[in-house]
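The block underneath contains the structure these notes are about, expressed in structure tokens.
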Amino acid sequence: MNVLSPNSTANISATATLAAFAANLKTADIPQHVLRKTEDLWVDWFGSAIAGHGARPVETLTQFALSMGPASGPSEVLTNRSTTSPYWAAMANAAASHVAEQDDVHNGSVFHPATVVFPPALAVAQAIGASGAQLITAAVVGYEVGIRVGEFLGRSHYRVFHTTGTAGTLAAAAAVGHLLGLNAVQMQHAFGSAGTQSAGLWEFLRTASDSKQLHTAHAAGAGLMAAYLSKNNFTGAAQILEGPQGMAAGMSSDADVRKLTNGLGTRWATAETSFKYHASCRHTHPAADALLKVMQDHQLHIADLARVITHVHQGAIDVLGPVTHPSTVHQSKFSMGTVLALVARFEHAGLSEFDQYFKDDITQALRDKVEMVLDQEVDTAYPQRWIGKVTVHTTDGRVLTGRVDEPKGDPGNTLSRDEITAKALRLAAHSGGATPHEMAGVVAQLWQVMQWPNVGRILSPA
């Protein structure tokens, strides 16, 4: 497969090489298993987007978008079934699909691709009448670019920056740029305009603020804007990623430029993407699954737990460490103790469990008995592998250990299509974003996306 432009040379920059790949990729270039995985990710994303229905931060951002944009347009706002321009629809849907903490994640880049790829891609596909196959191909482009940018920026970037908000701008630009038919040079300019808008800081966790949804909304909108501007010959920095005053220079101390281009067209990062089983920050999932294994193996109940030590990577400590006494449902999803307490009680930390029990006495009692400690093996394996290890002290004096090498949802322990469908139906029922009957029909249609002659409205008007 030749994804580079005919004039490419060995000296082409990494940004230019990645842009040429994004511009030139064809559906026929993508292996069938990658297309099938992208369909899985598409249906999974839609469930997460519907789960944002009624969430206060999403409602606020959606109201803003609709007040700024046209009252009607070609692109669908899923949570309230209105329509507007592609830009504002992309922002609203990106906010909606990240709030429930059920959207997908790529381990190696610590990046949530769906929430910044599918919203702008869907909005533009609806606006230009693209086919379902074109939508899915554009999504693969967005995933491949965003994941590689996240890997390139490295662990040092993630300590301060929310990678989904930063790398997400380029992922969105790549997906939209592909739909708009940008050539390699135009795509490189779109990357420059997207990258200069990259933003998203973790400080919001300390005060339970709403910024995480703003990060995804902004990334989707900024990437879309960058692609449309480039289509009209607006120029951007040629080496926004690796240049002396580019993203790596300002946002990373361990950037590795090789990660931008290694395996383009042979290694499909899209297929490495994980699904979320628990409705919480992904950093909690390995320990949650390891605790669940211990409890099942030894037939323990929550009352049997005197202390739980989770052996984690540094990234988990960086993100989860500031959240000790969560005050909101969303903040509780970044509390290791809260997540493990819910898992110990219900065997699953889902939306209903968080909504109803995150702050009650039983949950808080175990929450305060959970400790995170840095583990060298786990930290060395991260982010390529997210190993779960726990040490459990029981009330009768036993010390038990548990380990999970692939948390539920990882490629080696993935969700089946039946499980993805059930998850989407569960999310819609929880949020009230669609009736069970309607959602079942919609999901059945979503699985057929590659056969759609053009992408139209998905949900019936309100």
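The values are calculated or read from the model by the stated rules, or taken from the named source; none is laboratory data. Given the structure is predicted, the values throughout are model-derived calculations rather than measurements. All Cβ positions, even for glycine, are placed from backbone atoms using ideal geometry, and neighbour counts span all protein chains on display. For the accessible areas, the whole protein counts, side chains as well, though only heavy atoms, and no ligand, DNA or RNA atoms are used. Shrake-Rupley method; radii C 1.70, N 1.55, O 1.52, S 1.80 Å.
Using a 1.4 Å probe on the protein chains only, how many percent of the accessible area of the range 416-456 belongs to carbon and sulfur? Here carbon and sulfur together make up 60 percent of the probe-accessible area. Radius of gyration over Kirkwood radius for the range 131-193, both on Cα atoms: the Rg/Rh ratio is 1.02.
Estimated from helical segments only, the mean residue ellipticity of the chain at 222 nm is -16000 deg cm²/dmol, where each DSSP H run of four or more residues counts as -39500 (n - 2.57).
What's the local net charge at THR435, with K and R +1, D and E -1, over the other residues with C-beta under 14 Å away?
Working: positive: ARG81, ARG426; negative: GLU438.
Its environment carries a net charge of +1.
Think of a 1.4 Å ball rolled over the protein heavy atoms: the chain then has 36 Å² of accessible area per residue.
As a size descriptor, the averaged projected area of the C-alpha convex hull of the range 324-370 was calculated at 2.6 nm².
Across the protein chains, with a 1.4 Å probe defining accessible surface, the residues THR60, THR163, THR266 rank THR266, THR60, THR163 from largest area downward.
Given Cβ point charges of +1 (Lys, Arg) and -1 (Asp, Glu) and nothing else, what value in debye, to the nearest 20, does the dipole of the range 349-462 about its Cα centre take? Provide the component values of the computation, followed by the final result.
Working: 12 positive and 16 negative charges, 71 e Å.
Value, rounded to 20: 340 debye.
Relative to the longest principal axis of the Cα atoms of the chain, helix 336-346 runs at roughly 70 degrees.
What a 1.4 Å probe finds exposed on the range 306-362 is 48% carbon and sulfur by accessible area, rounded to a whole percent.
Within the accessible area of the range 154-230, what % is carbon and sulfur when the probe is 1.4 Å and the other protein chains stay in place? Present the calculation step by step, with values, prior to reporting the outcome.
On the way: 1270 of 2110 Å².
Accessible surface attributable to carbon and sulfur in the range 154-230 totals 60 percent.
Helix 436-446 axis versus longest C-alpha principal axis of the chain: approximately 50°, rounded to the nearest ten. Cα-Cα over 21 Å: which of LYS293/LYS369; LYS231/LYS259; LYS259/LYS408; LYS293/LYS408? Over 21 Å apart, Cα to Cα: LYS231/LYS259; LYS259/LYS408. Averaging the Cα positions of each part gives two centres, and for the range 126-203 and the range 35-99 these lie 18 Å apart.
How large is the convex hull of the C-alpha atoms of the chain per residue, in Å³? Present the calculation step by step, with values, prior to reporting the outcome.
On the way: hull volume 58.7 nm³, N = 462.
Convex hull volume per residue, Cα atoms: 127 Å³.
Here the range 394-462 has an Rg and Dmax of 19.0, 64 Å, counting Cα atoms alone. Here the relative contact order of the range 290-367, from alpha carbon pairs under 8 Å that lie six or more residues apart, stands at 31 percent.
Paramagnetic label reach from ALA462 (point 7 Å along Cα→Cβ; backbone nitrogen cut-off under 17 Å): within the range 77-94, residues 77-85, 88-94. Normalised by the number of residues in the chain, the mean separation of alpha-carbon contacts (under 8 Å, six or more apart) gives a relative contact order of 20 percent.
When the alpha carbon coordinates of the range 252-303 are projected onto the principal axes, the ranges are 50, 28, 19 Å, largest first. Between amide H atoms placed 1.01 Å from N, distances below 5 Å from SER274 occur with VAL105, HIS106, ASN107, all of them 5 or more places distant or on a separate chain. The largest-to-smallest principal axis extents of the Cα set in the range 281-360 are 31, 29, 20 Å. Once backbone amide H atoms are built at 1.01 Å from N, SER75 has THR84 as its partners under 5 Å, excluding neighbours fewer than 5 places away on the same chain.
Of PHE111, PHE64, the order by accessible heavy-atom surface (1.4 Å probe, DNA, RNA and ligands excluded), from most exposed downward, is PHE64, PHE111.
Solvent-accessible surface of protein heavy atoms, probed at 1.4 angstrom with all chains present, puts ARG345, ARG258 in the order ARG258, ARG345, largest first.
For a test of the definition: using alpha carbon positions, the gyration tensor, and the 1.5 limit on a/c, classify the range 329-426 as rounded, prolate or oblate.
Details: a/c = 1.82, a/b = 1.06, b/c = 1.71.
Here the range 329-426 falls in the oblate category.
So if the hydrodynamic radius of the range 180-248 is defined as the Kirkwood radius over C-alpha pairs, what does Stokes-Einstein give as its diffusion coefficient at 37 °C and 0.692 mPa s, in µm² per second? Taking Rh from Cα pairs, D becomes 254 µm²/s.
Measure nothing but the geometry: give the 0 to 90° angle between the long axis through the Cα atoms of 184-195 and the longest principal axis through the Cα atoms of the chain, rounded to 10°. With rounding to tens, the tilt is 40 degrees. Note: the range 91-216, Cα convex hull, 99 Å³ per residue.
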